[in-house]
Amino acid sequence: MDGLKRGSAAIVGVAESDLGQVADGMSPMDLCAQGITRALADCGLAMKDVDGLFCAMTQQRMSIVSLIEYLGIAPKFIGSSMTGGSSFEFHLAQAAAAIEAGLCNVAVIGYGSTQRSVGRRQASVREVNPFETPYRPFLPSTAYALAASRHMHEFSKTWAPSPCTWPATPISSSRCSPISSQTP
Amino acid sequence: MPNDATSPLATYISHLEKGELAYQFSPEANRAVFFPRVICPFTGSDKLEWRVSKGHGTVYATTIVHPAEGAPFNVALIDCDEGFRLMSRVEDIPANDVKIGMRVKFRVHSQGGEEPPIPVFTPEAA
């Protein structure tokens, strides 16, 4: 159990897909493919060089299978662990391990989402938890707000809104429900 | 091996229908277990006993959800005196007045229709 060898793999190309409100009809897979193409261009590699592929998405069941078909490649090693926003850190660890083990040479980690364009309700599968759903928590925000309320209570912090990536809109005109956490 | 005759959720709901807040207790871990499940998360044992809470608890964490439509409402985590924590809400007072550390008392809320009853809480009489 020596773990991964330091320096056995490196991140060589990085890119973003279109962001924010994207063109009508653009799918999560379109955006993922866009990002992958741009990341390959960033390091001078081609799609045919890719022999490892990783992705995780909320809008697509078996997203890795769809992505393989979309890209038209047959990677030797794939991964699609779904752990929410941390999925890609796990993909990175798995990709590094696969490269070190000689299972692939060029691994791409992709993601695409049209949540901003289609709205939150269309962007993820509704999950019913009989012990939580009846209280209508706005997840994941409510979970963070509850943790924050407890943190503020224990450590005497006060609440301040964090800088927002998107321009703030009034509650009445907002498509998604904003959430606030009260100061205890 | 025959299938289990009932689910943890069904047992939990049957208690709520009698006006009781039920939870599980793990004798091997000597700890309360919530949400109800088929094995103890502390030991892996399937030996879990059902117990009925006295219904007294303390607000552990609280927040207000502002839905796109309708009035803001409270969502809270409640620590029951028997040592388990559950998501719920505190009723009868404005969402803004729910405070961490507040003593609360369980009551059953009927959701109506096909939905099962759920536990909610109200402030303990001062």
Next on the checklist: Against the condition within 14 Å of chain A (Cβ to nearest Cβ) and without any contact (Cβ under 8 Å) to a residue 60 or more places away in the chain, how does residue B:45 come out, does it pass?
Outcome noted: no
Checklist outcome for this item: Expected single match for under 30 Å from residue B:4 (Cα atoms), within 9 Å of chain A (Cβ to nearest Cβ) and acidic (Asp, Glu) among B:82, B:115 is B:115
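In this structure, is residue A:143 within 14 Å of chain B (Cβ to nearest Cβ), under 26 Å from residue B:109 (Cβ atoms) and surrounded by 15 or more Cβ atoms within 10 Å (Cβ to Cβ)?
It is true that residue A:143 is within 14 Å of chain B (Cβ to nearest Cβ), under 26 Å from residue B:109 (Cβ atoms) and surrounded by 15 or more Cβ atoms within 10 Å (Cβ to Cβ).
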Checklist entry - Could you list, in sequence order, the residues of segment B:65-77 that are within 11 Å of chain A (Cβ to nearest Cβ) and either on the phi > 0 side of the Ramachandran plot or out of contact with any His (no Cβ under 9 Å at 6 or more places or on another chain) (or both)? => result B:65, B:66, B:67, B:68, B:69, B:70, B:74, B:75, B:76, B:77
Checklist entry - Which of (1) assigned to a loop (DSSP other than H, G, I, E, B); (2) surrounded by 14 or more Cβ atoms within 10 Å (Cβ to Cβ); (3) among the aromatic types (Phe, Trp, Tyr) does residue B:60 not meet, given it meets every other one? => result (1)
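If only one of A:165, A:169 is at pLDDT below 70, surrounded by 10 or more Cβ atoms within 10 Å (Cβ to Cβ) and either within 30 Å of residue B:58 (Cα to Cα) or more than 10 Å from every other protein chain (Cβ to nearest Cβ) (or both), which one is it?
Working: A:165 fails: surrounded by 10 or more Cβ atoms within 10 Å (Cβ to Cβ).
Matching residue, one of A:165, A:169: A:169.
Considering only residues that are closer than 13 Å to residue B:75 by Cα and surrounded by fewer than 14 Cβ atoms within 10 Å (Cβ to Cβ), which ones fall in segment B:94-121?
B:94, B:96, B:97
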Checklist outcome for this item: Within segment B:62-89, of all residues that are of a type in the set (A, V, I, L, M) and touching a Lys or Arg at 6+ places or on another chain (Cβ under 9 Å), the one farthest from residue A:138 (Cα to Cα) is B:78
Checklist outcome for this item: Counting only residues in segment A:3-26 that are closer than 19 Å to residue A:115 by Cβ and more than 15 Å from the chain's Cα centre (by Cα), the one surrounded by the fewest Cβ atoms within 10 Å (Cβ to Cβ) is identified as A:24
Checklist entry - Applying the selection to segment B:87-114, what residues are of a type in the set (Asp, Glu) and either modelled with pLDDT under 95 or assigned to a strand (DSSP E or B) (or both)? => result B:114
Item to check | Enumeration of residues in segment B:17-38 that are within 11 Å of another protein chain (Cβ to nearest Cβ), under 20 Å from residue B:115 (Cα atoms) and among the hydrophobic types (A, V, I, L, M, F, W, C) | outcome: B:35
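The values are calculated or read from the model by the stated rules, or taken from the named source; none is laboratory data. Just so it is clear, the structure is predicted and the values come from calculations on it, not from any experiment. A quick note on method: Cβ atoms are made from the backbone with ideal geometry, for glycine too, and the neighbour counts reach across all protein chains shown.
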